[in-house]
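The values are calculated or read from the model by the stated rules, or taken from the named source; none is laboratory data. On a predicted model such as this, the values are computed, not experimentally measured, just so you know. A quick note on method: Cβ atoms are made from the backbone with ideal geometry, for glycine too, and the neighbour counts reach across all protein chains shown.
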Amino acid sequence: MTDYHPGLEGVIATESSISDINGQKGILSYRGYSIEELAEKSTFEETAFLLLTGELPTSDELLKFTTQINVRRDLPSGMIDLLKTLPKDSNPMDVIQLAVSSLGTFYPIKFDAEELKAKKYTKDYFIEVSAGILGSIGSIVAAWNRIKNNKDYIKPDDSLSYADNFMHMLDDSIKVTPLISRIIDATLILHAEHTINASTFTSMVTSSTLANPTQVVASAIGSLSGPLHGGANQKVILMLDEMGSKENARAWLEERLSKKQVVWGMGHREYSTKDPRANILTEMVKDLFKEQSGKVSDMFEKAMELEKACEEKLAKKGVYANVDFYSGILYKEIGIPVDLFTPIFAISRTSGWLAHWIEQVSNNKIFRPTQIYTGHDTRKYNSKA
């Protein structure tokens, strides 16, 4: 009998050169570059190019890639009209999945199985297609937030970076300081890729059918929308509100654990130490508070106290803070609405999904796992109506 591994835990499903995790040492790298170095020195555009191609771009390559992204930032009027038809209380992830899925109708992408087999699609083709999708998804998220709040769509500013333009299109009342600009850029880098997680595996399965890349991304967005994956950062904020004061952290944690309830933002299947992305975000939160007021917020103090309590109680089990624990706090302090936390995750992770799309179709075999059947033996039909 074939061994069954729930959740495919430990099952090797592919070979990949895109990212790597050493969970024992708390190391994450993209194409061989440490996440710490990329978050400190790179930009989202440069990191996206690295993920897509395997190498950092030259200045000319980066300029061309950025231009290809910028061309698709301004959404077609038909897309704006589509967003305006949707109920304003719609789940943002449902809206974004719908809008991304429809991109192929506004910008038809030629992706033919025979031409792929004949290797007619070049590196330049894959970069241009990916840049177009990346250019559109940030604008979709920003546009939806304005439309649902009865505000006018803001056109993109091509003089701005990806991160700064997103904030410009999202809410031009937020003052984007150099530090906030760097934080948004870094969070996009930190969330861009993370080996074979649920949404990335979804993108690989869809890619293996040779579906259009917009549908690859749309399918992955559906997977990311679940609270056990991309939705956890929103749950962290709600959880900290529920906890009450920081003095209540230990008692609240004890009660939560006794009821076997999830402590959102704590623990990760891939890490037996603290998520390296969480370390970076912790320092960014501190920097933000220094710039804004010189002191930390109640929310951050509660988070720090809860993290201490969790380490005391759960560190021996290898449970530490993950990237979701502090990303939501950062977004909230900047002024980004809670219901956009996961959509921003989707913007970032699109670069990783598209890197896996390129890798999958370049050496493709359609996914078709098997199962262990646990149902009835063959039986005769006997209507009970």
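Just a few scattered comments:
- Test for F289: is it within 28 Å of K260 (Cα to Cα) and either without any contact (Cβ under 8 Å) to a residue 12 or more places away in the chain or out of contact with any Pro (no Cβ under 8 Å at 6 or more places or on another chain) (or both): no
- Selection from the stretch 253-268 of residues that are outside any loop (DSSP other than H, G, I, E, B) and more than 17 Å from Q234 (Cα to Cα): L253, E254, E255, R256, L257, S258
For every residue, the table says whether it meets (1) at negative phi; (2) of a type in the set (S, T, Y); (3) outside the structural domain of W357 (by TED's automatic domain parsing).
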site: A192; (1), (2), (3): yes, no, no
site: T195; (1), (2), (3): no, yes, no
site: T202; (1), (2), (3): yes, yes, no
site: S208; (1), (2), (3): yes, yes, no
site: A211; (1), (2), (3): yes, no, no
site: V216; (1), (2), (3): yes, no, no
site: S219; (1), (2), (3): yes, yes, no
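- Filter pass, L228 being in a helix (DSSP H, G or I) and not charged (D, E, K, R): no
- The stretch 216-228 - residue that is crowded, with 19+ Cβ neighbours inside 10 Å and either within 27 Å of P276 (Cβ to Cβ) or not small (G, A, S) (or both) and, of those, farthest from the chain's Cα centre (by Cα): V216
- Scope the stretch 1-36; condition surrounded by 10 or more Cβ atoms within 10 Å (Cβ to Cβ) and on the phi > 0 side of the Ramachandran plot; matching residues: L8, G26, R31, G32
- Matching entry among I21, I35 (being of a type in the set (A, V, I, L, M), closer than 27 Å to P369 by Cα and touching a Leu at 6+ places or on another chain (Cβ under 6 Å)): I21
- Restricting the stretch 143-157 to residues that are farther than 15 Å from I96 by Cβ and of a type in the set (S, T, N, Q), the residue that is surrounded by the most Cβ atoms within 10 Å (Cβ to Cβ): N149
- Screening S181 on (1) closer than 30 Å to G26 by Cβ; (2) buried (at least 17 other Cβ atoms within 10 Å of the Cβ) shows it passes everything except condition (2).
- Test: residue in the stretch 176-183 that is assigned to a loop (DSSP other than H, G, I, E, B), touching a helix residue (DSSP H, G or I) at 6+ places or on another chain (Cβ under 7 Å), over 27 Å from W264 (Cα atoms) and free of Cβ contacts under 8 Å to residues at least 24 places away in the same chain: yes
- Odd one out for W252 among (1) in contact with a Gly (Cβ under 8 Å, 6 or more places away or on another chain); (2) closer than 29 Å to A355 by Cβ: (2)
- Of all residues in the stretch 85-129, those satisfying the criterion of being of a type in the set (D, E, K, R) and touching a helix residue (DSSP H, G or I) at 6+ places or on another chain (Cβ under 6 Å) are K88, E128.
- Search result, residues across the stretch 237-265 that are on the phi > 0 side of the Ramachandran plot and in contact (Cβ under 8 Å) with a residue 60 or more places away in the chain: G265
- The residues listed here are L340, L281; of these, the one that is touching a Pro at 6+ places or on another chain (Cβ under 7 Å) and at negative phi is L340.
- Helices (runs of 4 or more DSSP H) wholly inside the stretch 44-115 containing at least 1 residues that are free of Cβ contacts under 8 Å to residues at least 12 places away in the same chain and either more than 20 Å from G222 (Cα to Cα) or not assigned by TED's automatic domain parsing to the domain that holds L170 (or both): 59-71, 77-84
- Sole exception among (1) more than 22 Å from Q215 (Cβ to Cβ); (2) hydrophobic (A, V, I, L, M, F, W, C); (3) within 18 Å of the chain's Cα centre (by Cα) for F65, by number: (3)
Per-residue answers, yes or no, for (1) in contact with a His (Cβ under 8 Å, 6 or more places away or on another chain); (2) among the acidic types (D, E); (3) surrounded by fewer than 16 Cβ atoms within 10 Å (Cβ to Cβ):
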residue: Q261; (1), (2), (3): no, no, yes
residue: H268; (1), (2), (3): no, no, no
residue: Y271; (1), (2), (3): no, no, no
residue: K286; (1), (2), (3): no, no, yes
residue: A303; (1), (2), (3): no, no, no
residue: N322; (1), (2), (3): yes, no, no
residue: G328; (1), (2), (3): no, no, no
residue: T342; (1), (2), (3): no, no, no
residue: S351; (1), (2), (3): no, no, no
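- Where L210 falls short, out of the listed (1) surrounded by fewer than 20 Cβ atoms within 10 Å (Cβ to Cβ); (2) in a helix (DSSP H, G or I): (2)
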